[in-house]
Amino acid sequence: MVDGQIPVEEYETGNTKHKWNLKKIKSSHKVLAEYDYKKSEIKNGFANRTLYINLGTNQIKEKKITEDMKKKFTGGRGFGLKLLWDSIKPTTHWDSEENNLIITTGPFCGITQYPGCGKSLCLTISPSTDIICDSNVGGFFGPYLKFSGFDAVEIQGKAKEDVVIVIDGEKGKISIETAPLEETDSHLVNEQLTHMYVSEDSEGSRQNVSVVSAGTAAEHSYWGCLNFSFWDIRRKVARMKQAGRGGLGTVLRDKKIKAVVAKVEKFSGLQNNPADPGSLAKLGTKIHREIRDLDRYQCNMRTVGTGHLVEIMDEYDLLPTENYRFGSFPKASKIYSPNFYKLFTKVIPDGCWHGCTMACAKTVDGFTVMTGPYKGQKVTVDGPEYETLGCGANMSLWDPLWILEFNFYCDTYGLDTISTGTAIAFYMEMYEYGILNKERCDGLELCFGNAEAALEFMHRIARGDKGEFVGVAAKGIRRVKDWLIEKEWGDKQLIEDTGMESKGLEYSEYVTKESLAMQGGYGLTLKGPQHDEAWLIFMDMVNNAIPTFADKAEALHYFPMWRTWFGLNGLCKLPWNDVEPVNNAEADDPSKVPEHVQNYVELQNAITGWNVNKEELILQSERCYNWQRAMNVWMGRGRRKDDWIPYRSMGPVTKMEYVSRKERYDKQLVEILGLSEKEVEDMDIEKKMKLLYDYKQDQYQKLADAVYYRRGWTPNGVPTPQKMKQLGMDEPKMLKMIQKKIDEDEKAGLNVWGGKYKRGENPPSKDLDYWEKG
Amino acid sequence: MRSYWVKTVGIEVNGRKIDWVENETIKQLLRRMRYTFPLVVVKINQKVILRKDFPDVVVPDNSRVDVIHMISGG
Ligand code: SF4
C-alpha cells in the first residue's frame, strides 16, 4: 500500500447508492442465443481466436487467427482492420446491417508488469465520417476479453430489441440476452450489470466484471462514445474510461446493444503467458522506478493526470479558447490543474488497468450533480482529462464545477466530450455572429460561457428532443455547416472556416495556427483530427526543429507510424513520453525517447517470442496504416480533398483574431512574405488577412505534397500497389482496387501536386509517376 | 552610429535571435522566454546542460541555445 493511502475497508465512497431489484431485472432477460466454447490458454500474448456475433441472425462463432494475420496485422487495431475488410462493403454506412463494431486487444493487453498495458482498440464505420474510426480505451474489458479466450470481438447486424451480450470467461459461455429493464445511462447500467453478473457478493469479485455501454444520448447523436468500466474496490463504483472518438457508442445503440459484459474467474499478471517473463519483469521494474522517482519533477501525472497540460497550453498560446479563436485567456488560470487537484480524491492508486504506476486516471468523488435527471445525486466523475478541460476553455466555461458537470453528463449519456465540446463552441460562435440565435436554437441561449444552456442542450439530446436545431446539432459540426449554408443564415466561407471539423470529425483541443506540421497532424490523418497520430506543435513551433517540408514530412511519417504501433499492441502511449529517463537529454533524438522505444522492442520480443528491432516496429505500423488508408480509398475517400482542414486551424479567420495577435501576424507578413514594415503599416487589415490566407493555404498543400511523397502515396494521397507489395500487404483484391482508383484519378487529372511552386522551389518529385519505379 | 569596438550582444534561442542579458542563468532565460514546460532539454552551443544545473549555469553572450521541448501531451 502506498504511504498515506486509505485502507479499502475504511474508505466510504460518498456517492448516492441505488437500490435496484436486480433479481427482477435479470429475470426479465430472455436468452436469444447461447454458445459454449472450450477455454484455452493464451500463448505468447495471443488467444489465437476471435469471437463473431451477429445480432441479426443470433449467430455466435469463433474465428481462428492465422500466423499470416499476425505477420501482416500484428494485433489490436491491425486485427480490427482485417476483420472489417473481410466483413463490410465499400458502400457500408454506420447504420448498415453489415457495419461491424469491433473491440480488439493486442498481444500486450492484460500484462501488469509494464505500465499502460490494458488498452482495447475499438473500430467501426463512423456516423461522423462514414469511414473507419478507431479509438483506444482503458478499463478492464480488453484484458478480460483476452483472458476469456478472445483477441477480439466483432458484432455485426442489429438486434430487434435491447440486448446485453455476456462473455463469461468463467464458464466458457457466450450469450445474447434481451435487457428490457436495465438503465441505459452508463454510470447506472455499468453498476447494475456488474452487480448482476458477479459470481459472489464481494468487492474482489466485482472487480472481475467489466461492462461496455453507451448512454441515452448516444441514441440521438453522432458523438456516441463507449464507456468501458473498471470496478474500483475503494470507491465501490464502476468507474469508466471512454473510447470517445467517431461515434462508436452511436453504433452500439443503433445495434440495440445496451451493454457488453466480460467476466473472468480470476486473473494474474502473467495470464498472457509471455515467452520470456524474466525479461518482462526486468523491464517493468526499471520503468516503474523511473515513474515513481521522476514523474513529480516532470509531468506530475500521478498527482493531477493530463490536466497539467492546461497551464502549459495556456502559457504557449495553444489552449483553444472561444472556438479556437485564441490560444490563451486571462480567465484560464481558474481551470489550471491545482484547482482540480483540490477536488480530486487523493491517495488512491488511479490506474485504468492494474500495474500502471503512472496512474493518471483521476476522479472527483461525491460530486453533487447540478442539473438534469440526476440533479442532487452524488456521483464519481472520472476526470476531467486535459481534452475535457480544453473543451471548457473552448466554450468559455471557467468554473471547475461546470466542467465537472459537463464531464459527468458527457460520460453517462455516452457523448464524446471532445466532439460535444468542440461542436458547442462552434455553435456558440455562430450565436455570437447572429447566424444562430435563440429562436434558431430551439430557445437555447447558446452563447459563450453559458454553461446551463450547454447542459440543457445535452439533456435534450439525451431525451431525444424533436427540435430542429437539437436534431441537426447533435449530428455534429459538418451537418450544422450544411444546414446553416442551406438556410442562408450566414456567410458560407465564414461558416466553413470556423467550424472545426475535418472529414466530419470534430477537432481535439489544440490550437495549431502557428504549427504547420500540426495542421498536417490533424488533417493528413486516417480518421480525422485527433492528436493521437502526431503531436508536433512543440517540435515545430517552439523548438524550430523541423523547418523544411521534408523535415515536417519525416515527422509526419515517423510519429503517426510510431503511435499507431501502440494501438496494434494494446498499449497506452503515455508511459512512452510523458515521463523520460534521466539521461534522455543526451540521447541522439530525445523527442523519440530512444530508451523507451528500446523497452518496447524488448517487450514485444519478451511477450510474443518474436525477434524484432525498432525498424520492424515501424514496419508493423506502416502495414496497417497503409491498409487503413487504402480502405478509406476503397470507400470513396482517402484523397487530398478529404484531407482538407478549416482555415481557423491555419490562421486568423476574423479581424478580431488578427488584431488580438497583430504583432505576430504583421511580423509574418514582413519576415515570411517579404513585405516592408511600411507596406504592412499602410495596408488595410482585410488585405493583410487575404495575403496570409493564400500563403497558409498554399503551405498546407505543399506540406501534403511532401507527406504523400514520404509515405509513398500518389500526389492525390493514395497508397500505391508498389508500396503495399513492398510492405508485404499483397492481397490481390486490395492491389487491384487501388490500381483502379489511381487510374481513375489519373484520368480525372488528380495525380498532380497541390502546392504552387515558384521559381527556385521544387515539388517533392518532378516525375509525377515516381511510385511506378518502385 | 555604432562604434566599431562595440560587440553585438545577442543569443539565439531555438533559431530566433534575442537579447543577451548579463549573468542570466538558464532558469532565468526559460522564465524570460515563458518556457514553462517541464520536459525540456537545454543545450548551449551543442553541449547538454543537466536539468539540475539550470539555476547555476549562466548563458554566455553570442551563444546558441537549444531548448528542446519534448513532445509529451497529446
Ligand atoms: S497512463 Fe493513465 S491512461 Fe495510460 S494506462 Fe496508465 S492510468 Fe491508464
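Each value in this text was obtained by applying a stated rule to the coordinates, not by laboratory testing. Not measured: the values here are computed from a predicted model. We place every Cβ from the backbone using ideal geometry, glycine too, and count neighbours over all the protein chains shown.
Shielding of A:297-310 by partners, i.e. mean partner chain Cβ atoms within 10 Å per residue?
Working: counts 4, 5, 6, 1, 1, 0, 0, 0, 0, 3, 0, 3, 4, 0.
Per-residue shielding by partner chains comes out at 2.
Step through the residues of the range A:103-109 one at a time and calculate ³J(HN,Hα) from phi using the Karplus curve (6.51 cos²θ - 1.76 cosθ + 1.60, θ = phi - 60°), rounding each to whole Hz and writing x for Gly and Pro.
10, 10, 10, x, x, 7, 4
If I stretch the segment between A:THR548 and A:GLU602 completely, what's the gain in nm (0.36 nm per residue apart, minus their alpha carbon distance), one decimal? Write down the numbers at each step before the final one.
Numbers: separation 54, 0.36 × 54 = 19.44 nm, distance 3.35 nm.
Difference between extended and current length: 16.1 nm.
How long is the gain from A:SER87 to A:ASN613 if the chain were fully straight, where each residue apart is worth 0.36 nm and the alpha carbon distance is subtracted? Each step should come with its number before you reach the end.
Working: separation 526, 0.36 × 526 = 189.36 nm, distance 3.27 nm.
Here the answer is 186.1 nm.
Between B:LYS52 and A:ARG292, what is the label-to-label distance in nm when each label sits 7 Å out along the Cα-to-Cβ direction?
In this crude label model, B:LYS52 to A:ARG292 measures out at 2.0 nm.
Can you compute the charge dipole magnitude of chain A about its Cα centre, using +1 on each Lys and Arg Cβ and -1 on each Asp and Glu Cβ, nothing else charged? Give it in debye, rounded to the nearest 20. Please report the intermediate quantities before stating the final value.
Values: 103 positive and 111 negative charges, 392 e Å.
Roughly 1880 debye for chain A.
Whole angstrom only: what separates the Cα centroid of the range A:701-728 from the Cα centroid of the range A:149-202?
43 Å
Report the full-extension gain for the segment A:LYS61 to A:GLU34: residue separation times 0.36 nm, less the Cα-Cα distance, to one decimal in nm.
On the way: separation 27, 0.36 × 27 = 9.72 nm, distance 1.03 nm.
Difference between extended and current length: 8.7 nm.
On the first, second and third principal axes, largest extent first, how far apart are the outermost C-alpha atoms of the range A:14-263 in Å?
49, 40, 32 Å, listed from the longest principal axis down.
Just to be sure I understand the curve: with the Debye formula and one point per C-alpha of the protein assembly as shown, what is log10 I(q)/I(0) at q = 0.11 Å⁻¹?
Taken in order of the listed q values, log10 I(q)/I(0) reads -1.36.
Tell me the label-point distance for the pair B:ILE18, A:SER765, using the 7 Å Cα-to-Cβ offset, in nm and rounded to one decimal.
A separation of 4.2 nm, rounded to one decimal place.
Out of the GluC sites (Glu not before Pro) in the range A:486-524, which ones are loop residues according to DSSP with at most 11 other C-beta atoms within 10 Å? Before the final figure, lay out each step's value.
Numbers: sites: A:GLU486, A:GLU488, A:GLU496, A:GLU501, A:GLU506, A:GLU509, A:GLU514; in loops: A:GLU488, A:GLU509, A:GLU514.
Those that pass, being in a loop and sparsely packed, are A:GLU488.
Using a Förster radius of 41 Å, what is the FRET efficiency between B:ASN45 and A:MET683 based on their Cβ-Cβ separation? Nearest 0.05, please.
Working: r = 40 Å, r/R0 = 0.98.
Given R0 = 41 Å and the Cβ-Cβ separation, E is 0.55.
Choose one of A:SER221, A:PRO277, A:ALA33: the residue whose Cα lies farthest towards the positive end of the charge dipole of chain A (beta-carbon charges +1 Lys, Arg; -1 Asp, Glu; about the Cα centre).
A:ALA33
Order the peptides A:518-526, A:194-202, B:18-26 from the highest to the lowest mean number of other Cβ atoms within 10 Å of their residues. Could you put the intermediate results ahead of the total?
Working: A:518-526: 25.9, A:194-202: 16.3, B:18-26: 13.9.
Descending packing order for the listed peptides: A:518-526, A:194-202, B:18-26.
For a Förster distance of 56 Å, can you work out the FRET efficiency between the beta-carbons of A:TRP489 and B:VAL9, rounded to the nearest 0.05? Walk me through the numbers before you get to the answer.
On the way: r = 57 Å, r/R0 = 1.01.
Working from the Cβ atoms, E equals 0.50.
Limiting things to C-alpha atoms, what are the Rg and the maximum Cα-Cα separation (Dmax) for the range B:11-69, in angstroms?
Cα only, the range B:11-69: 10.0, 26 Å (Rg, Dmax).
DSSP loop (so not H, G, I, E, B), at most 16 other Cβ within 10 Å: list which chymotrypsin sites (Phe, Trp or Tyr not before Pro) in the range A:449-491 pass both filters. Could the numbers behind the result be given before it?
Numbers: sites: A:PHE457, A:PHE469, A:TRP483, A:TRP489; in loops: A:TRP489.
Those satisfying the criteria are A:TRP489.
Please compute, over every Cα-Cα pair in the range A:295-506, the percentage with a separation greater than 23 angstrom.
Numbers: 10223 of 22366 pairs.
That tail contains 46 percent of the Cα-Cα pairs.
Only Lys, Arg, Asp and Glu count, each charged at its Cβ (+1, +1, -1, -1), so figure out the dipole size of the range A:205-330 about its Cα centre, rounded to 20 debye. Present the calculation step by step, with values, prior to reporting the outcome.
Values: 20 positive and 13 negative charges, 178 e Å.
Once rounded to the nearest 20, the dipole reads 860 debye.
I'd like the mean, over residues of A:530-543, of how many other protein chain beta carbons sit within 10 Å of each residue's own Cβ. Provide the component values of the computation, followed by the final result.
Working: counts 1, 2, 1, 1, 2, 4, 2, 4, 12, 4, 0, 2, 8, 10.
If you average over the peptide's residues, the count of other-chain Cβ atoms is 4.
FRET efficiency for A:TRP20 and A:ASP694, Cβ-Cβ distance as r, R0 = 51 Å, nearest 0.05? Don't skip to the answer; put the middle values down first.
Numbers: r = 62 Å, r/R0 = 1.21.
The pair A:TRP20/A:ASP694 has a calculated efficiency of 0.25.
At what distance in nm do the modelled label points of B:ARG64 and A:SER333 sit from each other, each positioned 7 Å from its Cα along Cα→Cβ?
3.8 nm
Average partner chain C-beta neighbours within 10 Å, per residue of B:34-45? Numbers along the way, then the final one.
Numbers: counts 3, 5, 5, 9, 6, 13, 5, 8, 1, 3, 0, 0.
The mean count of partner-chain Cβ atoms within 10 Å per residue comes to 5.
Do any trypsin sites (Lys or Arg not before Pro) in the range A:122-171 lie in a loop, going by DSSP, with at most 13 other beta-carbon atoms within 10 Å of their beta carbon, and if so which?
Working: sites: A:LYS146, A:LYS158, A:LYS160, A:LYS171; in loops: A:LYS158, A:LYS160, A:LYS171.
Here the sparse-neighbourhood loop sites are A:LYS160.
Hey, could you grab the Kirkwood Rh for the range A:656-769? Inverse mean 1/r over distinct alpha carbon pairs, Å, one decimal.
Details: mean 1/r = 0.0593 Å⁻¹.
One over the average 1/r among Cα pairs gives 16.9 Å for the range A:656-769.
Sum -39500 (n - 2.57) across every DSSP H segment of at least 4 residues in the protein assembly as shown, then divide by the residue count to get the 222 nm mean residue ellipticity, nearest 500.
Values: 30 runs with 311 residues, N = 848.
Rounded to the nearest 500, it is -11000 deg cm²/dmol.
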